[in-house]
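> Structure in structure tokens, see below.
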Amino acid sequence: MFRTRSIQFKLTVWYACALAVSLALFSGAIFVALRQQLMRSLDSDLTDSAARFQSYFLHQAELESGNHLKGELVEFCEALPESSYIELRGAKGFVFRYPERRVVPPHQRRVQKYFNWGDESYHLSVSASAESIYRAMELLRLLLVALAPALIGAAGIGGALLSRRALRPVDEITSAARMVGIENLSQRLPVPRTGDQLQRLTEVWNSMLDRLETAIKALSQFAEDASHELRTPLAVIRTGAELALRKARTPESYRDSLSTIVAEAERMTRMVGDLLFLARSGASADRIPMRSVDPADIVRAVVSELNELAAARNIRVRTNLLEDCPPISGNEPALRRLLLALIENAIKYSKEGGLVTVTASLAAERVRIAVEDFGIGISPSDLPHIFQRFYRADSAHGESGYGLGLSLASTIAQLHGATIDAKSRQGEGSLFTVEFPTREALVAA
């Protein structure tokens, strides 16, 4: 049941319990210390009285004897506190009591001394009632017991008010958090500049909202992009299938229709894969797994993969790679996609019989990979937008594609801490440059 209570209730209960325990320990310590101090003070007075009585007796014994001595001792005792009782006994029968008769109190303190005078030994006993001390301690006990509940209650009320005031920012944060929904993820909680746990909690919550908003935007963008771009290939597949089924055709005609369907299906598969990669890289805060890779080996593999496409367009692809290219920290499949997008674009937009060069060089502890073609180029108005998703320059509308390649390349470069840059002159060609930090530079940093 206690676990279901509010934090304010729990804080108040814990505060009251802690105060009750502290008050009990403090009261007990005060009670015991005061009692011991009062008893020590009484014992000190009795010891002093015994010493003075002994000294007075020894002085008077030299001057008086018998009843005259006892009379002097009585006069001395009359000056002592009223509750004092003195008894002196000698080994040869001397006895002195003051007062002669008394009622023995239930609580008393006693000091005893032994001394000799002449040829006789004496036993001195000085006592006094401790009733006043016991009454005072009993009164103190009653006061502590009576005041403790009132103090604990007042402390509980004060603790409740303080905890309510301390937790008020939490209630405000809760109310503000309830206002945040899927439709207004851009809203953030006000951060209290208190430098305490509440500020850190609010900052963490806002950071979580940032990540959530990024993920939702990426998913929404993926759904919008996918639905937009899949319409055309799906329409082509459906139209080809309907035309093939509308009437009997020759085997060659069916083969052409199926080839079109397969080509569009492959295009859709590649496009969906690229969209998924972009969505995951944008929504995930975690980096893709990295390891040490040789960028020159990846360039050779991609160029070999695209040889058939280049040959079909009568394009020569020339590589100029470092013999001992420094390794970089990267994800090999992602890097293959990046270079595939750049080199494939260079081949597609080169003039027939043209040349594409791929260069790997080292510049200021960074591996630079440059892909250059001498084709149609990119207009100045299109150049700032070529890395946006589904953006296609006017000069590219004659080529197949869906405008994701360069966006994919830019995203992969960012995931690797690399920079990607494009320079172009319309009608003369384009130069794409990607610079990766070497693995040694990353380790040193």
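> Restricting to the range 1-52, count the residues that are open to solvent by less than 60 Å² (accessible area, probe 1.4 Å), at pLDDT below 85 and of a type outside the set (K, R).
Number of matching residues: 8.
> Taking the options S132, S121, name whichever one is small (G, A, S), under 17 Å from S44 (Cα atoms) and modelled with pLDDT of 85 or more.
Residue meeting the stated conditions: S132.
> Another question about this same structure. Scan the range 232-261 residue by residue and report those that are at pLDDT 70 or above, open to solvent by 80 Å² or more (accessible area, probe 1.4 Å) and in a helix (DSSP H, G or I).
Listed by number, the residues that qualify are L234, R238, E242, L245, R246, P251, E252, Y254, R255, D256, L258.
> Could you check the range 299-329 and list, in sequence order, the residues that are of a type outside the set (A, V, I, L, M), in contact with a helix residue (DSSP H, G or I) (Cβ under 9 Å, 6 or more places away or on another chain) and open to solvent by less than 90 Å² (accessible area, probe 1.4 Å)?
Answer for the range 299-329, where residues must be of a type outside the set (A, V, I, L, M), in contact with a helix residue (DSSP H, G or I) (Cβ under 9 Å, 6 or more places away or on another chain) and open to solvent by less than 90 Å² (accessible area, probe 1.4 Å): R313, T319, C325, P326, P327, S329.
> Kindly indicate which of D171, D119 is within 30 Å of E62 (Cβ to Cβ), loosely packed, with under 15 Cβ neighbours inside 10 Å and either of a type in the set (D, E) or touching a residue at least 60 places away in the same chain (Cβ under 8 Å) (or both).
Only one candidate passes the filter, namely D119.
> Next up: Quick check on S410: is it more than 24 Å from S329 (Cα to Cα), hydroxyl-bearing (S, T, Y) and either at pLDDT 85 or above or in a strand (DSSP E or B) (or both)?
In short, no.
> Then there is this: With respect to S132, determine if the residue is of a type in the set (S, T, N, Q) and within 23 Å of Y56 (Cβ to Cβ).
Criteria not met by S132.
> Would you mind stating whether Y98 is within 30 Å of S65 (Cβ to Cβ) and modelled with pLDDT of 90 or more?
No.
> Any idea which of (1) open to solvent by less than 30 Å² (accessible area, probe 1.4 Å); (2) more than 20 Å from the chain's Cα centre (by Cα) is the one R164 doesn't satisfy?
(1)
> So L275 fits all but one of (1) modelled with pLDDT under 70; (2) touching a Gly at 6+ places or on another chain (Cβ under 8 Å); (3) among the hydrophobic types (A, V, I, L, M, F, W, C); what number is the exception?
Every condition holds for L275 apart from (2).
> Name the pairs: first residue in the range 85-113 and under 18 Å from L42 (Cβ atoms), second residue part of a loop (DSSP other than H, G, I, E, B) and basic (K, R), Cβ to Cβ under 9 Å, at least 6 apart or on different chains?
Cβ pairs passing all conditions: Y85/R102.
> Return yes when S129 is open to solvent by less than 50 Å² (accessible area, probe 1.4 Å) and either without any contact (Cβ under 8 Å) to a residue 40 or more places away in the chain or over 36 Å from the mean Cα position of the chain (by Cα) (or both) and no when it is not.
yes
> Looking only at the range 180-193, filter to residues that are open to solvent by 80 Å² or more (accessible area, probe 1.4 Å) and more than 12 Å from L209 (Cβ to Cβ); which one of those is farthest from the chain's Cα centre (by Cα)?
Restricting to residues being open to solvent by 80 Å² or more (accessible area, probe 1.4 Å) and more than 12 Å from L209 (Cβ to Cβ), the top hit is E183.
> Considering only the range 57-79, I want to know if a residue exists there that is in a loop (DSSP other than H, G, I, E, B), open to solvent by 50 Å² or more (accessible area, probe 1.4 Å), at pLDDT below 90 and small (G, A, S).
yes
> Can you tell me which residue in the range 360-386 is farthest from E428 (Cα to Cα), limited to those that are within 41 Å of the chain's Cα centre (by Cα), in contact (Cβ under 8 Å) with a residue 24 or more places away in the chain and surrounded by fewer than 17 Cβ atoms within 10 Å (Cβ to Cβ)?
E365
> Could I ask something else about it? May I ask you to verify whether F76 is over 38 Å from the mean Cα position of the chain (by Cα) and within 15 Å of L88 (Cα to Cα)?
Taking the combined requirement at face value, the residue satisfies it.
> From R337, R425, which residue is closer than 23 Å to N307 by Cα and at pLDDT 85 or above?
Among R337, R425, only R337 is closer than 23 Å to N307 by Cα and at pLDDT 85 or above.
> Can P333 be described as in contact (Cβ under 8 Å) with a residue 40 or more places away in the chain and farther than 21 Å from L431 by Cβ?
Taking the combined requirement at face value, the residue does not satisfy it.
> Six or more apart or on different chains, Cβ atoms under 8 Å: show the pairs whose first residue is in the range 198-213 and under 21 Å from R165 (Cα atoms) and whose second is open to solvent by 70 Å² or more (accessible area, probe 1.4 Å) and among the charged types (D, E, K, R).
Taking only residues 6 or more apart or on different chains, the pairs are Q199/R193.
> Scan (1) open to solvent by 100 Å² or more (accessible area, probe 1.4 Å); (2) at pLDDT 80 or above for the single condition L151 breaks and write down its number.
(1)
> Does the range 24-34 include one or more residues that are in contact (Cβ under 8 Å) with a residue 24 or more places away in the chain, hydrophobic (A, V, I, L, M, F, W, C) and over 30 Å from A146 (Cβ atoms)?
No: the range 24-34 contains no residue that is in contact (Cβ under 8 Å) with a residue 24 or more places away in the chain, hydrophobic (A, V, I, L, M, F, W, C) and over 30 Å from A146 (Cβ atoms).
> With the structure loaded, tell me whether R200 is open to solvent by 90 Å² or more (accessible area, probe 1.4 Å) and either among the basic types (K, R) or closer than 22 Å to R168 by Cα (or both) or whether it fails that test.
yes
The values are calculated or read from the model by the stated rules, or taken from the named source; none is laboratory data. Remember, it's a predicted structure, so these values are computed and weren't measured experimentally. Cβ coordinates were reconstructed from backbone atoms using ideal geometry, including for glycine residues, and neighbour counts include every protein chain displayed. Only protein heavy atoms, including side chains, enter the accessible area calculation; ligands, DNA and RNA are left aside. Shrake-Rupley method; radii C 1.70, N 1.55, O 1.52, S 1.80 Å.
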